[in-house]
Each structure stands twice: as C-alpha cells, then as structure tokens.
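What follows is a short report on a single structure.
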Amino acid sequence: MAVSPNTSIEGIDRFRHADLSGHIMPLPRHRGDDWRKEALCAESDPELFSPSTGESADAAKKICASCDVRAQCLAYALENDERSGIWGGLSPLERRRLRSKASAHERARTARRKRDLDVVAQRQNGRDATTIARVTGLNERTIHRIIRQARTDQIAV
Ligand code: SF4
C-alpha cells in the first residue's frame, strides 16, 4: 500500500500495524491540509493512485485532471518529497523531472541576479557600459537594460 492523498490517517495506521518494515510514515498534518477535503480521489478506488510497476496510471490521472485541488496536491507532494503514487496528476518520475526542472530554473535565476548585481556594482564604481560589456562578456544592450532596471528599482547607478 502506498500513501496517497485519499489515504485516511486511520488507513495508514492500519497499514503500519500490518507492515513491520515501517517504511510508511503517517502523513504530516499541517495548516494546508484542508485541500484534502476537496480531493476527488477520495471518492475513487485508492488502488488507482498507487499503480504497480507496469500498470497504467491513466485512470488516476484522468481523475486528477478534473480535481479542483490538483495544484495544492502537487505542491504538497513536492514539498514532502512523496516518492510513490500519483499526486497532482503526476507520477513519481514526472514529479522528479518537474523538481529538477524547477531547480535548474532557480539556479539560472540566481546566476542572473548575481550577474545583474555585478553589473550594477561596476557601474557604481564608475565604469561605463562599454567597459562593463567588455569585462563581463555581455552585450551593451544587456548592460543598459540591467542599469535601467536598477534605476526602476531605485538603486543609485
Ligand atoms: S489531484 Fe489527484 S491525487 Fe491529488 S487530490 Fe486531486 S484527485 Fe487526488
């Protein structure tokens, strides 16, 4: 038995009594758990949401597609690193891919932010756009855009 959004706490406890490996932990109860009341899978066969290897997850995904709390369900699964079952319409593999895509996006955003701060610092040190472009390898248009944005953000450049 895998834990899924429609697994009741009682169901998990029952399973834990039966499973001495103790791999399944009770779902954490946190302030955002209200979405579970709207979970469409609560009215469906729980086994659909925990397909065995090779079994299709299409039926579960179809239910998820019409579920009003799909976004909350997916966010919960990502935050809690749920590694089995269908959550928010995604399989464990699809969630892993989404997570790694999100991490790559976040790393790129951080790198851009660092680059922009570096450009602003160079400008504050009196360098002109041409020099900054040469030193950073960026084109002048990008330098001007970063400086314009800094001014919009009320940074003295
Ligand atoms: S998105 Fe799917 S798994 Fe999540 S609560 Fe809705 S029906 Fe259940």
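The values are calculated or read from the model by the stated rules, or taken from the named source; none is laboratory data. Since we're looking at a predicted model, the values are computed, not measured. Note that each Cβ is placed from the backbone with ideal geometry, even for glycine, and that neighbours are counted across all protein chains shown.
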Which condition number in (1) surrounded by fewer than 18 Cβ atoms within 10 Å (Cβ to Cβ); (2) assigned to a helix (DSSP H, G or I); (3) modelled with pLDDT of 95 or more is the one that Glu106 fails?
-> (3)
For the range 32-58, enumerate the residues that are surrounded by fewer than 19 Cβ atoms within 10 Å (Cβ to Cβ), within 11 Å of the ligand (Cβ to nearest atom) and part of a helix (DSSP H, G or I).
-> Trp35, Lys37, Glu38, Leu40, Ala42, Glu43
Matching residues, the range 128-153, being small (Gly, Ala, Ser) and under 31 Å from the mean Cα position of the chain (by Cα) | Ala150
Does Ser66 satisfy the criteria of being within 16 Å of the ligand (Cβ to nearest atom), among the hydroxyl-bearing types (Ser, Thr, Tyr), more than 21 Å from Thr152 (Cα to Cα) and touching a residue at least 12 places away in the same chain (Cβ under 8 Å)?
-> yes
Residue under evaluation Tyr76, criteria (1) modelled with pLDDT of 95 or more; (2) within 10 Å of the ligand (Cβ to nearest atom), criterion not met | (1)
Residue by residue through the range 72-90, note down the ones that are in contact with a helix residue (DSSP H, G or I) (Cβ under 9 Å, 6 or more places away or on another chain), touching a residue at least 40 places away in the same chain (Cβ under 8 Å) and part of a loop (DSSP other than H, G, I, E, B).
-> Glu82, Ser84, Gly85, Ile86
Counting only residues in the range 29-54 that are at pLDDT 90 or above and acidic (Asp, Glu), the one nearest to Ser91 (Cα to Cα) is identified as Glu47
